[in-house]
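To keep things clear, I will list the structure first and then write my remarks on it.
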Amino acid sequence: MKKELEGFVLGSKARERVLLILAKGHVLDGETIARKGRIVHSVCVKTLDELEEKGLVSREQGGYRITKLGIEIENMIRER
């Protein structure tokens, strides 16, 4: 399952960027993530929804946070 999730993230530069930005451990809103990742806001929102659906990020008051599973997948990607 983790290999599939790794492939899912690597299949999109936007997903990869969003996960990397959130891996720093901060809760960020979609607008901030879009700006930091240089991603069109609508694409960023769709990407966050996809990552949330897969359990890689969670929505919290004030924005989004990477999950424990998201951190594991981000670490796998970084180690490539």
What distance in nm separates the two pseudo spin-label positions at HIS41 and ASP29, each 7 Å out from Cα along the beta-carbon direction?
1.0
If the chain between LEU20 and GLU52 were fully extended at 0.36 nm per residue, the gain over the current Cα-Cα distance would be 10.1 nm
Sorted by Cβ neighbour density within 10 Å, fewest at the top, the residues LYS24, LYS36
LYS24, LYS36
PHE8 versus LYS68: modelled label distance in nm, points set 7 Å from Cα along the beta carbon direction:
1.8
For the peptides 29-35, 3-9, what is the packing order when you average, over each peptide's residues, the other Cβ atoms within 10 Å and list the highest mean first?
29-35, 3-9
Burial-style ranking of 67-79, 47-59, average other-beta-carbon count within 10 Å with highest first, yields 47-59, 67-79
Unit Cα scatterers, Debye sum, the chain: log10 I(q)/I(0) for q = 0.23 Å⁻¹
-1.03
Which ³J(HN,Hα) values, rounded to whole Hz and listed in residue order, are derived for the stretch 53-68 from phi using the Karplus coefficients 6.51, -1.76 and 1.60 in 6.51 cos²θ - 1.76 cosθ + 1.60 with θ = phi - 60°, glycine and proline given as x?
4, 8, x, 8, 9, 10, 8, 10, 4, x, x, 10, 9, 6, 8, 4
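Every read-out reported here was derived from the displayed coordinates using simple, explicitly stated rules and does not represent laboratory data. In this text, all values refer to a predicted model and were calculated from it rather than measured experimentally. Backbone-built Cβ (ideal geometry, glycine too); neighbour counts: all protein chains shown.
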